[in-house]
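K.L.:
Starting off with a structure, shown below.
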Amino acid sequence: MRQAEKRRDHNRLHAKTTRNAIKKIRLSTKKDEALRSLPEVVSLVDKLAKRGVIHKKKADNLKSGLMKKVNSLT
């Protein structure tokens, strides 16, 4: 139980950090700023999927949506 609690806290911390980073990209209006932070966010999402915090397909969908968002910026 203690180990599960530690892992839950660890997973929640990383998930929340990733969600905040995704939100930052989605709310950004400058393409160069979004392009700079995109590789870091993609890496965070991939790590969540690798650890099993989110499903691999969800990670792919998140990355795809972020790419579309960044490419649509001017």
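The values are calculated or read from the model by the stated rules, or taken from the named source; none is laboratory data. Remember, it's a predicted structure, so these values are computed and weren't measured experimentally. Don't worry about glycine lacking a Cβ; one is built from the backbone with ideal geometry, like all the others, and counts go over all protein chains shown.
K.L.:
If we keep just the residues of segment 57-67 that are farther than 14 Å from Lys23 by Cα and of a type in the set (Lys, Arg), which is surrounded by the fewest Cβ atoms within 10 Å (Cβ to Cβ)? Write out each step before concluding.
P.N.:
Narrowing segment 57-67 to residues farther than 14 Å from Lys23 by Cα: 57-61, 64.
Filter once more, so that each one left must be of a type in the set (Lys, Arg): 57-58.
Numbers: Lys57: 9, Lys58: 13.
The extreme case among them is Lys57.
K.L.:
Would you point out which residue out of Leu35, Leu48 is out of contact with any strand residue (DSSP E or B) (no Cβ under 8 Å at 6 or more places or on another chain), part of a helix (DSSP H, G or I) and either surrounded by 17 or more Cβ atoms within 10 Å (Cβ to Cβ) or of a type in the set (Val, Ile, Thr) (or both)?
P.N.:
Going through Leu35, Leu48 in turn, just one is out of contact with any strand residue (DSSP E or B) (no Cβ under 8 Å at 6 or more places or on another chain), part of a helix (DSSP H, G or I) and either surrounded by 17 or more Cβ atoms within 10 Å (Cβ to Cβ) or of a type in the set (Val, Ile, Thr) (or both): Leu48.
K.L.:
A follow-up question, please. On the basis of being more than 10 Å from the chain's Cα centre (by Cα), in a loop (DSSP other than H, G, I, E, B) and either crowded, with 16+ Cβ neighbours inside 10 Å or at pLDDT 95 or above (or both), does Val70 make the cut?
P.N.:
On the way: more than 10 Å from the chain's Cα centre (by Cα): yes; in a loop (DSSP other than H, G, I, E, B): no; either crowded, with 16+ Cβ neighbours inside 10 Å or at pLDDT 95 or above (or both): yes.
Spelling it out, it is not the case that Val70 is more than 10 Å from the chain's Cα centre (by Cα), in a loop (DSSP other than H, G, I, E, B) and either crowded, with 16+ Cβ neighbours inside 10 Å or at pLDDT 95 or above (or both).
K.L.:
Here's another thing I want to ask about it. Taking the condition without any contact (Cβ under 8 Å) to a residue 40 or more places away in the chain and more than 18 Å from Leu73 (Cα to Cα), does Arg19 pass? Give the steps one after another, and end with the answer.
P.N.:
Numbers: without any contact (Cβ under 8 Å) to a residue 40 or more places away in the chain: yes; more than 18 Å from Leu73 (Cα to Cα): yes.
Yes; evaluated as a whole, the condition is true for this residue.
K.L.:
For segment 18-32, enumerate the residues that are assigned to a helix (DSSP H, G or I) and basic (Lys, Arg).
P.N.:
Within segment 18-32, the subset assigned to a helix (DSSP H, G or I) is 18-27, 31-32.
Result: Arg19, Lys23, Lys24, Arg26, Lys31.
K.L.:
One residue is enough: does segment 35-44 have a residue meeting the conditions in contact (Cβ under 8 Å) with a residue 24 or more places away in the chain, at negative phi and over 13 Å from the mean Cα position of the chain (by Cα)? Spell out the reasoning first.
P.N.:
Going residue by residue through segment 35-44, those that are in contact (Cβ under 8 Å) with a residue 24 or more places away in the chain are 35, 38, 41-42, 44.
Among the residues that remain, those that are also at negative phi are: 35, 38, 41-42, 44.
From what is left, the residues that are over 13 Å from the mean Cα position of the chain (by Cα) are 35.
Yes, some residue in segment 35-44 is in contact (Cβ under 8 Å) with a residue 24 or more places away in the chain, at negative phi and over 13 Å from the mean Cα position of the chain (by Cα).
K.L.:
Scan (1) part of a loop (DSSP other than H, G, I, E, B); (2) surrounded by 12 or more Cβ atoms within 10 Å (Cβ to Cβ); (3) more than 12 Å from the chain's Cα centre (by Cα) for the single condition Ile54 breaks and write down its number.
P.N.:
Unmet condition: (3).
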